[in-house]
Each structure stands twice: as C-alpha cells, then as structure tokens.
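What follows is a single structure, written as structure tokens, with notes after it.
The values are calculated or read from the model by the stated rules, or taken from the named source; none is laboratory data. Computed from a prediction, not measured in an experiment: that's the story for all the values here. As a convention, Cβ positions derive from the backbone with ideal geometry for all residues, glycine included, and neighbour counts pool all protein chains shown. All accessible areas refer to the heavy atoms of the entire protein, side chains included, with ligands and DNA or RNA removed. Shrake-Rupley method; radii C 1.70, N 1.55, O 1.52, S 1.80 Å.
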Amino acid sequence: MNPVDALIDALPGGRVLTDRDVIDSYARDQTYLEPGEPLCAVVAQTRDEVAATLRWASEHRVPVVPRGAGTGLAGGATAVEGCVMLSLARMTAIRELSPADEIAVVEPGVITADLDRAAREHGLMYAPDPSSYEISTIGGNLATNAGGLRCVRYGVTRDSTLGLEVVLADGRVLNTGRRTMKGVTGYDLTGLFVGSEGTLGVITAATLRLRRAPSVPPITIAAEFPSPRAAGDAVAAIVAAGCRPLLLELMDRGTLEAIDAWKNIGLEPQVRAMLIAQAEGDRPEEAALMERLCEQNGAGFVAVSGTPEETAELIGLRRLAYSAKERLGACLVEDVCVPRSALPAMITFIEEAAARHDARICTVAHAGDGNLHPVFIFDRGLPEPPPGVWAAADEVFRAALDLGGTLTGEHGVGLLKRRWLGLEAGPVVTEVQQGIKRVFDPLGILNPGKAI
C-alpha cells in the first residue's frame, strides 16, 4: 500500500490533502525561503487525529512540519522535502475560560486576538499580543515564544503558559504543567516546549494565564525625535527612572516613511524616529514623567492621547509597520534582543551597518525590553538576499551578541538563523540541545533542520 493511502485510511475523510496546488499553499510561511515539496498535507481537527498522523509518520519515517496560520518570520513552518505539512489551523476551540481561576484552555488554531476578546467579556485579557495578533494563532505563538507590544509589562508567551497537551513523535500524549499559578513538581517541561518550534512535539492544547484587564483606558504618548539614537536615549531614561510602561515601541525613519507612503500620515522631514509609550490610565503622573523624559532627550514634539480612539490610532500605526515594509520589496525580518541599557548603541550600529553595505534597513523595536526588529528590504524576485544584505545582517547579529544580547527575542530560529547559532550557543549547549531533541524525537522526524 502507498504510505499516503495508509494515512488516508487512518484519518476521517477530507483530512489528507494530496492536490499539488492545495499542498503548495501550506508549504510556506512569511519568509522568502523556497520550500521543499511536501508529500501531502493534513488538516487535523482533533488531538487524536494529530496522534494518528504522528504514529503513521513514525512508522514510515516521514518528516512532519507543524503549521498554524503561516505567519512565522524565520522559516520555522517552511516545508522540507517529502514531509507532511500538519496544519492545526482548524483546531479552534476555546475548551474552557474560567474567570474564577483566570485561565483559559485553548486549542492551537485559536487566533490570538480572538482569545483576548473572549477574555475581555469577563473583565480579563490575554497579555501576549504580537503585531500579527489578528491573524497569528496561539499554537504559532507557543512554538516561537512570541512576545508583542505588551511584553515590556507582561512578558512573553512562556510567562502566560501554565500547562500543555502535547503529542509526541510516536503518537503518545504528554500533559505538562498545571492549572495553578505556582507549581515546581519535576522539570519544567512546559517551558521546554514553549519556543521549541515544533521540534519536540506537537502542541494540541494549552492552559494559559489570563490577567485582569485595566479598568481605566491607558494614556498613550507619541514622541517625535531627530534620530533613533535620541529615541533610544529616551527609552533608557524612562527605564532608569523606574517607570513601568504598558508598552514602549520605537519606529525609525525608514519605517515611518513606509507607513506614510501607504497611509499618508503627514510625516514631517525633521522626524527621524517615533516613540510610542503607554502608562496606566490611573497613573497620569507616570505619563507626565515619560513625556518630560522624552522632551529632555530631544523630542521635538510630544502628543498625549485624550481618547481611546486616539490611542487606537497611535497603536494602529505601530501594527502597520511590517505590512508597510512588505509593500517596498522582499523582506528579511530579523529579531535581535540586547540589554535595555545597550539599546542606543545597538540602534546606532544598525544604522552604521546599513550605510557600510548600502543595505536598506528599517527598524522597529519593542524598546522597553531591548528587542529590535531590523528589516532588510531587497528587490523582489531574487532567490535570496544579495551579499550586502547578508553582510549587514551578519554584523548586526555579531554586534547584538557583543553587547550581551541574543540572536532572537521572539521570532525563533527557524531556518534563517541556524548559520549563526554556534556564535551564541557554543559546543556544550549545542550538544545538550541535540540530546534533548533525541529524547523526544529519536527518529528526527519533527520539523527537521529547524531551531537547533
């Protein structure tokens, strides 16, 4: 029997897709990378269907690439040759939402913003909010340990994950973690799976921590600066002053120009960077302090939102950043994180690397936690970025590490960053990580070639 026929027999009708055009639509994420050719795609709707797929894959030694909405930016959901693309996008149930315990149990295909909206009906919220929150799934957020605009206050996805239901490579089901706010029984397997990019198991449900939604609308500040370095200095001053912003986001001139070309925001020539900050609505004194610190560090204009509508407009600008840059060409989206005190130096270095290599780099940053996203833009139609882009990217990564930072803060390693992993991990870490991979995936079928 053809192995795919055996998989078709093991699953309900319509779950296994074999039409080449349909399969190809599952083979890519948001990177420029050319995918391998999948054997087929599976659109699972239950945990048991995921388990049956993995049992089949282990028996036939077929690689499996898990996939959510395909919004990843590091190549983690890119097809490898001869694989099964395992889509979890139809697993969309919010199995439980408990206001009393402030938790939700959700399946991996739930859209991030949908969970937040469901929580807000009970006066709660789901804190992680990547810029793609309206289209990205919880499963993808878990796979990459995604962050977002609010991570300066609430942390990344791992900080909101209490427990997981995971299907292992051989089809066994593993339950990790707990429903309680505290728990130290055994090793932290939940934390291990979050950020593992589908290389250790396939997450089919997650118990997530919810938080009380603010009762008073936040105060939002938008400050215009003559340089990204000045904006970075303002961030450092805000953090040093002990402020606890709800978000602290930076956009450079190239990003603002891309948004202006699309949405005509009235960008003035002297504005080289913008900082968007939020304070709790019942802490106007903190908002006033952040406003003053921006002015002291060179802001030429500072606006403070007076209504929720104005706040939504300002935050909407930030969420437009990546889509605006995609309109300019192909994008190599990078994601380095440095200590917050090193943010001004890292911003300066990115600008210098762009000039040295004649590379177009537009940068945004979750500035409050030192997480920068330099986006390298190049001509569409090229099989990969030109040498100048790779040279600039290499320098940016090395500079981040030299400043005590890391190669990725939230996008994951995927395929794009594997060439630099040795610079950060070193031989001992690499050996240990590969050993962990062998424990959970002895046949090496789960998302091979990714993450480590």
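Pick from segment 206-221 the residues that are open to solvent by 10 Å² or more (accessible area, probe 1.4 Å) and in a strand (DSSP E or B): which of them is nearest to V364 (Cα to Cα)? Break it down into steps so the answer makes sense when it comes.
Here is the first cut: in segment 206-221, the residues open to solvent by 10 Å² or more (accessible area, probe 1.4 Å) are 207, 209, 211-219.
Remaining after also requiring in a strand (DSSP E or B): 207, 209, 211-212, 219.
Numbers: T207: 31, R209: 28, R211: 27, R212: 28, I219: 21 Å.
Among them, the one singled out is I219.
From the list A258, A230, which one is assigned to a helix (DSSP H, G or I) and in contact with a Lys or Arg (Cβ under 7 Å, 6 or more places away or on another chain)? Break it down into steps so the answer makes sense when it comes.
Details: A230 fails: in contact with a Lys or Arg (Cβ under 7 Å, 6 or more places away or on another chain).
Unique residue meeting the criteria: A258.
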Which listed residue, of A367, A330, A353, A312, is within 24 Å of E280 (Cβ to Cβ) and in contact with an Asp or Glu (Cβ under 8 Å, 6 or more places away or on another chain): A367
Filter result for the condition that a residue is modelled with pLDDT of 95 or more, out of contact with any helix residue (DSSP H, G or I) (no Cβ under 6 Å at 6 or more places or on another chain), among the hydrophobic types (A, V, I, L, M, F, W, C) and over 20 Å from R47 (Cβ atoms), over A119, A93, A89, A127: A119
Subset of segment 407-435 (residues that are open to solvent by 60 Å² or more (accessible area, probe 1.4 Å) and either at pLDDT 95 or above or assigned to a helix (DSSP H, G or I) (or both)): R418, R419, L423, E424, P427, V428, V429, E431, V432, Q433, Q434
Which numbered condition D170 fails, given (1) part of a helix (DSSP H, G or I); (2) crowded, with 16+ Cβ neighbours inside 10 Å: (1)
Matching residues in segment 30-66 - criterion: being more than 20 Å from N2 (Cα to Cα), surrounded by 24 or more Cβ atoms within 10 Å (Cβ to Cβ) and without any contact (Cβ under 8 Å) to a residue 60 or more places away in the chain: A44
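Quick check, is L162 touching a Lys or Arg at 6+ places or on another chain (Cβ under 7 Å) and outside any loop (DSSP other than H, G, I, E, B)? Quick ask: steps written out before the conclusion?
Values: touching a Lys or Arg at 6+ places or on another chain (Cβ under 7 Å): yes; outside any loop (DSSP other than H, G, I, E, B): yes.
Yes.
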Checking E197 against (1) surrounded by fewer than 24 Cβ atoms within 10 Å (Cβ to Cβ); (2) outside the structural domain of E309 (by TED's automatic domain parsing); (3) touching a Lys or Arg at 6+ places or on another chain (Cβ under 7 Å), the condition it does not meet: (1)
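Could we say that P228 is surrounded by fewer than 17 Cβ atoms within 10 Å (Cβ to Cβ) and not assigned by TED's automatic domain parsing to the domain that holds V156 here?
Details: surrounded by fewer than 17 Cβ atoms within 10 Å (Cβ to Cβ): no; not assigned by TED's automatic domain parsing to the domain that holds V156: yes.
Criteria not met by P228.
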When residues of segment 1-29 are limited to those that are among the charged types (D, E, K, R) and touching a residue at least 40 places away in the same chain (Cβ under 8 Å), the one least open to solvent (accessible area, probe 1.4 Å): D29
Checking A44 against (1) in contact with a Gly (Cβ under 8 Å, 6 or more places away or on another chain); (2) hydrophobic (A, V, I, L, M, F, W, C); (3) over 30 Å from V375 (Cα atoms), the condition it does not meet: (1)
Residue in segment 171-190 that is touching a residue at least 60 places away in the same chain (Cβ under 8 Å) and either closer than 27 Å to L407 by Cβ or touching a Gly at 6+ places or on another chain (Cβ under 6 Å) (or both) present: no
Search result, residues across segment 347-406 that are open to solvent by 30 Å² or more (accessible area, probe 1.4 Å), among the aliphatic types (A, V, I, L, M) and in a helix (DSSP H, G or I): A355, A391, L401
Residue match in segment 173-186 (condition: at pLDDT 95 or above and under 28 Å from A321 (Cβ atoms)): no
Which numbered condition R90 misses (of (1) over 30 Å from V62 (Cα atoms); (2) surrounded by fewer than 18 Cβ atoms within 10 Å (Cβ to Cβ); (3) touching a residue at least 40 places away in the same chain (Cβ under 8 Å)): (1)
Within segment 141-167, tally of residues that are out of contact with any helix residue (DSSP H, G or I) (no Cβ under 8 Å at 6 or more places or on another chain), open to solvent by less than 30 Å² (accessible area, probe 1.4 Å) and not hydrophobic (A, V, I, L, M, F, W, C): 2
